[in-house]
1. Step through the residues of the stretch 90-107 one at a time and calculate ³J(HN,Hα) from phi using the Karplus curve (6.51 cos²θ - 1.76 cosθ + 1.60, θ = phi - 60°), rounding each to whole Hz and writing x for Gly and Pro.
2. What does the charge add up to near Thr151, with Lys and Arg as +1, Asp and Glu as -1, over the other residues with Cβ less than 13 Å from its Cβ?
3. Between beta-carbons, use under 14 Å as the cut-off and find the net charge around Pro189, counting Lys and Arg +1, Asp and Glu -1.
4. If you plug each phi of the stretch 39-51 into the Karplus form 6.51 cos²θ - 1.76 cosθ + 1.60 with θ = phi - 60°, what whole-Hz ³J(HN,Hα) values come out, in order, with x for Gly and Pro?
5. What does a probe at Lys8 reach in the stretch 31-69, counting residues whose amide N is under 12 Å from the point 7 Å along Cα→Cβ?
6. If one computes the Cα centroid of the stretch 163-201 and of the stretch 73-92, what distance in Å separates the two points?
7. With the crude spin-label approximation of a point 7 Å out along Cα→Cβ, what separation in nm comes out for Asn73 versus Ser118?
Amino acid sequence: VRDKRVNKVGTLKVIRQKADMTSVSLTRFEREIRNFAQLIHPYIVQVYDVGQMTTGEPYIFMEQVNGEPINANLLRGRPFSEVMQLLDRILEGLDEAHANNLIHRDLKPDNILVTVDSSGNLIPKLMDFGLALRADERDMRITSDGMVVGTPIYMAPEQACDEHYQICPATDFYGIGCILYELFCGEPPFTGTNAVMVMVA
């Protein structure tokens, strides 16, 4: 889409409004996204604006990235050293978020898009910060106690058990570890026929 006010092209993500989504949770959601909008880093998708549609659904207007998820075919045949350079760049982006007390909480292949620059280098873009948590401001959490959020296959134990007090940068590193395991071994470290079985494992 194009923002006519500043003539800027980007991607618009609209989040379907759930029946139990209150004005308070919408406000917290927008505040969390605005925190990430302050992060200016080459390996993090830039958030330009957030708001609500006239029908009430929240939206995110962000940088457009023409990349592929990290587990797509883009890495096939690449030297191990290039994959490790890509990992270094991903960790650089995470370090920027963590330095600002922001924890992603939903790192998975679909949330790490990879592009190739003019020199042939693999460039990651961390995206989708809808579940982000401020480590230093508990009241800004969009979720409530007893609610487990994230993607089970890549979810750290403290997140799967809803132990929010233990969520920290290591929670994100666990997700990165699961992604690397899948890239090198062909499948995630823990599998199951449903989410509960995965989290129990």
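We did not get these values from a lab; they are worked out from the coordinates using the rules stated. Everything quoted here is computed from the prediction, not taken from an experiment. No Cβ is skipped: glycine too gets one built from the backbone with ideal geometry, and neighbour counts run over all protein chains shown.
1. Residue by residue, the stretch 90-107 yields 4, 5, 4, x, 5, 4, 5, 5, 5, 5, 9, 6, 10, 10, 5, 6, 9, 6 Hz.
2. On the way: positive: Arg105, Lys108; negative: Asp106, Asp110, Asp128, Asp172, Glu182.
Local net charge: -3.
3. The answer is -1.
4. 7, 10, 8, x, 10, 10, 4, 7, 8, 8, 6, 9, x
5. Within reach of a label on Lys8: 37-40, 46-50, 61-64.
6. Centre-to-centre (Cα) distance: 20 Å.
7. Reported label-point gap for Asn73 and Ser118 is 2.8 nm.
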